[in-house]
Every structure is written in structure tokens, then in C-alpha cells.
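Have a look at the structure below before the remarks.
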Amino acid sequence: MVGHTTSGQSIGRNGDYWNKIKSILEQGGNLSTMERKLYNVIYEQNYKYSGNSNDQVATTLTNGVMDLYKSELLNDLDTPLQFGKCSFQRAKNDTYVDDASQGTVPTVWNANCGLSFGHELLFARTMELAMNHKTDFEMHKVERGGSGLYEHWYPNHGRHWDLLKNAIEERRGQGDWKGFIWHQGSQAAWSEGQYGDDRSRTYYGNLTGLVNEVRELMFQNSITWQCKEEIPVVVVQVGYWPRPQQNAAARRAAQRTRDAQARFCDEDPRAVLRR
């Protein structure tokens with residue numbers, strides 16, 4: 001996994017928000033009552049960010065949490081998984097990388113594999129609890145907030161390319177790499193002001209180059225794949241922002257980035273776009 005972890009507005013990053021959600025889940029009880037309580041908490045948390053569209057945002061998020069609850073993926077959240085492991089390296093700046101999880105650890109919400117958790121939590125719980133995966137597996141995440149694809153991650157150029165490259169190579173002999181998840185792109189909306197160049201216009205080519213090299217590294221450090229093109233890729237699409245009242249040029253750049261991510265997945269039979 002590369003890119004975002006969780007923001008201050010998310011459940012994983014905001015301790016008070018998470019404690020309220022977790023308390024409702026642990027209390028259980030009548031589903032309609034739970035749903036109403038969750039909606040109220042989520043609506044209140046997101047009001048200042050979502051404005052007039054907050055009802056839709058709160059409804060969508062509430063429905064998602066309830067679906068996960070009904071599928072039993074949110075039971076016993078304090079119990080670490082038996083097989084699913086996670087690890088998290090966070091680049092704080094151009095030179096310092098924090099081993100946030102302190103190595104590979106069992107996946108649980110407070111394992112510090114995010115801030116305090118991110119994609120890895122439900123990904124691992126789905127594999128182990130819903131898909132009944134009963135052998136050890138690891139999700140390794142590298143991240144830097146506000147990073148650019150070309151400036152920070154592009155092969156043999158980005159400031160953190162070696163971090164990603166070394167993470168793949170260091171696990172040689174420990175099993176096969178099963179896939180690559182890419183969650184990045186919001187920075188491209190602001191890149192012209194930051195770098196003097198609109199990176200959304202080159203995002204498709206840069207994403208293609210990055211994925212090609214990551215697949216090559218994973219192929220070289222695995223034994224079961226017949227070719228690198230088999231290795232699956234998940235691209236998490238940039239959200240629909242900035243808001244209408246914000247910078248019009250940034251909104252257009254964000255849309256070009258979303259279009260580039262969608263185009264890549266449309267053209268690659270082993271890539272999937274997640275909105």
C-alpha cells in the first residue's frame with residue numbers, strides 16, 4: 001500500500017470520533033437505533049466539511065458502517081487478528097522515515113499501522129474473517145502526507161522511491177507479493193502552485209510508469225507469478241473535491257487526476273478502481 005493513511009476528519013485519525021463510533025458498535029442492540037446513533041455522530045463530525053451535502057455524506061457513511069457491522073467484520077475490534085499482519089513506514093520529511101508500527105505486528109485498530117489505522121484494518125479483517133484466509137499474510141504500507149506521485153514516488157526519481165523499492169526487496173523469500181494498492185492524487189490538484197507545473201496533466205503517464213516498475217520488483221521478488229502483468233493493482237480514486245466554492249483551477253486538476261486514474265484501470269485488465 002502506498003499513499004494516504006487517514007486524515008484528521010476520518011474515523012481512524014480522530015480519537016473522539018472513533019471512540020463514539022466504537023462505543024455504538026460495542027453496545028450493539030436494535031439495528032435501527034444503532035443506525036440512528038451512528039448517523040448523528042457522523043453528521044455532527046462532518047458538518048463543517050460537507051456543508052449542504054452533509055446529509056448525503058452522513059447517510060452514505062452510516063450505511064457503509066452498518067453493512068460492515070451486519071457482515072460481522074466489526075466484531076471484537078480489540079482482538080488482534082491471528083493471521084493478518086501489518087507494518088507501516090511513514091516518511092515525515094525528505095530524509096526521515098518513522099517505523100510507526102515498529103516492525104510487523106498483528107492487525108488491530110491500535111497497532112499503529114496507520115494514524116491510528118487505515119485501509120489495512122478492514123482489508124485484513126475481510127481476508128481473515130470473511131474470506132477465511134488461514135495462513136499468515138502481511139500488508140506493508142509506506143506513506144507521506146501531501147506527497148506527489150512524480151516528486152516523491154516515481155521510479156529512480158522520487159524522494160521516497162528507495163523506501164518503496166527496499167520494502168519490496170527486503171521481503172524476498174518471505175512469500176509472494178500478491179498486489180499493490182495505490183492511494184494518492186490529491187496533491188496533483190495543487191501542484192501548479194506548489195511546483196509551477198500542473199501534474200494532473202502527466203498523472204496518467206506517471207502512474208503507468210510507477211505501476212510498471214512496482215510490478216517488475218514484485219515479480220522479481222516472488223516465485224508464483226508467470227509474468228509481472230498478472231500482479232493485481234488497486235487504485236483508490238481521488239475524492240470529489242475541492243468544493244465548488246474553492247479554487248476552480250484546482251477542481252479541474254482534480255478531475256483530470258480522477259480521469260487519469262480511471263483511464264489507467266480501464267486499460268489494464270488487472271487493475272481495479274475504488275471510489
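The values are calculated or read from the model by the stated rules, or taken from the named source; none is laboratory data. Worth saying up front: this structure is predicted, and the values here are computed from it rather than measured. Cβ coordinates were reconstructed from backbone atoms using ideal geometry, including for glycine residues, and neighbour counts include every protein chain displayed. Calculation scope for accessible area: heavy atoms of the full protein, side chains included, ligands and nucleic acids excluded. Shrake-Rupley method; radii C 1.70, N 1.55, O 1.52, S 1.80 Å.
Filtering the stretch 127-143 to residues that are open to solvent by 80 Å² or more (accessible area, probe 1.4 Å) and assigned to a loop (DSSP other than H, G, I, E, B) leaves 131, 132, 134, 135, 136.
Beta carbons closer than 8 Å, at least 6 apart along the sequence or on distinct chains, pair a first residue in the stretch 123-147 that is of a type in the set (D, E, K, R) with a second that is part of a strand (DSSP E or B) and open to solvent by 50 Å² or more (accessible area, probe 1.4 Å) for 143/90; 144/90.
Evaluate the stretch 50-58: report whether one residue or more is under 20 Å from residue 119 (Cβ atoms) and surrounded by 13 or more Cβ atoms within 10 Å (Cβ to Cβ). Yes.
Taking residue 78 as the residue in question, decide whether it is open to solvent by 80 Å² or more (accessible area, probe 1.4 Å), of a type in the set (D, E, K, R) and part of a helix (DSSP H, G or I). So residue 78 fails the test.
Where helices (runs of 4 or more DSSP H) sit wholly within the stretch 144-237, those with at least 1 residues that are open to solvent by 40 Å² or more (accessible area, probe 1.4 Å) and within 17 Å of residue 264 (Cβ to Cβ) occupy 203-220. Residues that are over 14 Å from the mean Cα position of the chain (by Cα) and part of a strand (DSSP E or B) do not occur anywhere in the stretch 107-117.
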